[in-house]
Ligand SMILES: C[S@@+](CC[C@H](N)C(=O)[O-])C[C@H]1O[C@@H](n2cnc3c(N)ncnc32)[C@H](O)[C@@H]1O
C-alpha cells in the first residue's frame, strides 16, 4: 500500500517524503529488528518514537581507543598520529557548532550528529592525503562533510584533493553548508550511469562505497575505482562487512583486507565493523588514465 502510494509521487516528492522519517514508526520498529539491536527497551522505544534516522545512522563510538589502535595497524601509522586526527574532528566547528546551527530547523535531522564509523573515514583521508576521493551514496551528507573537512585540513598542509560524490536524490547532501563545499563535485544520478564517465582521465585514491551494498552495486563501483586506481588505492565497504564482495575482490586482485570492529554508545545499532581494502600498485583493468 505504502509503496503503491509512493510510486504515485514524482521523484522530487518521494525525496521530500523522506523528511517525514521521524513519523515512520513501523519502519523504525522493523529497523530495530533488522540490526539485531540488543539496546535497552527504553533506548529502542525512544528510537521508534522520536528518532529521525532511518537510512543512515549517526552515533558515538564506545570503543574509540580500540578503533584507533586497529586502524593504526591496518594503515601502518602510529596511534598518536591517528589520535591527533580524531582530536581535530572534536575541535572543528564545522563538524560541531556550525553543523548544529545549520540543521536546527530541520525536523528530519538530529542537531547533534557524532560521526560514528565516519570518524574512520576522516582519519583515512588524513592519512592518505588523496588527490581524488569518490563517495557513492550521499544521503544527508554526513560522510561527505567528514571527508570535506579532512580534505580542508590536507589542503592547508599543502596536499589539495577533491571529493566526487554520487546520489540519485536531488536533495542529497543538504547538511553540507555552501561555505564548506570547496571543490566538492556532487553528481546527481545513478552510479550505474554516471560513475565511469566521471572517472575518465582521473586516478582514484579512495572510494567509499555507500549506495545499497548489493553485489551488483559493489562490483560496479569497486571495479570502476580499480580500473582507475592511483598507485595506492583504498576501497571502503560501508556495509560493515556483511557483503562479501570486497573480500572476494581482494582475493582476486591481490588487495589486503582489513576489518576493525566497533561498538556504539547507547544506540539501537549495537556495533559493526569498519571494513576496507588497500591495494598497492593496483591491477589495472581497462588501462590507467594519464
Ligand atoms: C546509506 S545512504 C548514504 C549515506 C552517506 N554516505 C552517509 O555517510 O550518511 C545511501 C544513499 O545512496 C543513494 N543511492 C541509492 N542507489 C544509488 C545509485 N545507484 N547511485 C547513486 N546513489 C544511490 C540513496 O539515494 C541514498 O541517499
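The values are calculated or read from the model by the stated rules, or taken from the named source; none is laboratory data. Here the structure is a predicted model, which is why all the values come from computation and not from measurement. No Cβ is skipped: glycine too gets one built from the backbone with ideal geometry, and neighbour counts run over all protein chains shown.
Annotations
- Of the residues making up the stretch 147-176, those that are away from the ligand (no atom under 16 Å from the Cβ) and not in a helix (DSSP H, G or I) are 157, 158, 159, 160, 161, 162.
- Applying the criterion of at least 1 residues that are touching a strand residue (DSSP E or B) at 6+ places or on another chain (Cβ under 9 Å) to the helices (runs of 4 or more DSSP H) found wholly in the stretch 39-107 leaves 64-75, 79-91.
- Residues in the stretch 185-214 that are in contact with a strand residue (DSSP E or B) (Cβ under 8 Å, 6 or more places away or on another chain) and on the phi > 0 side of the Ramachandran plot: 189 only.
- Those strands (runs of 3 or more DSSP E) lying entirely in the stretch 181-252 with at least 1 residues more than 18 Å from residue 160 (Cα to Cα) and touching a residue at least 40 places away in the same chain (Cβ under 8 Å): 204-209, 229-237
- Among the residues making up the stretch 148-180, those that are farther than 19 Å from residue 114 by Cα, surrounded by 15 or more Cβ atoms within 10 Å (Cβ to Cβ) and in contact with a strand residue (DSSP E or B) (Cβ under 9 Å, 6 or more places away or on another chain) are 161, 162, 163, 164, 165, 166, 167, 168, 169.
- Any chance residue 74 is free of Cβ contacts under 8 Å to residues at least 24 places away in the same chain and either surrounded by fewer than 16 Cβ atoms within 10 Å (Cβ to Cβ) or away from the ligand (no atom under 16 Å from the Cβ) (or both): no
- Condition met for residue 99 (buried (at least 18 other Cβ atoms within 10 Å of the Cβ) and away from the ligand (no atom under 16 Å from the Cβ)): no
- A single entry from 109, 133 fulfils the requirement of being within 18 Å of residue 207 (Cα to Cα) and within 13 Å of the ligand (Cβ to nearest atom): 133.
- Candidates 264, 245: the one that is buried (at least 17 other Cβ atoms within 10 Å of the Cβ), modelled with pLDDT under 95 and either over 22 Å from residue 148 (Cα atoms) or more than 16 Å from the ligand (Cβ to nearest atom) (or both) is 264.
- The number of residues in the stretch 103-138 being at pLDDT below 95 and farther than 18 Å from residue 264 by Cβ comes to 8.
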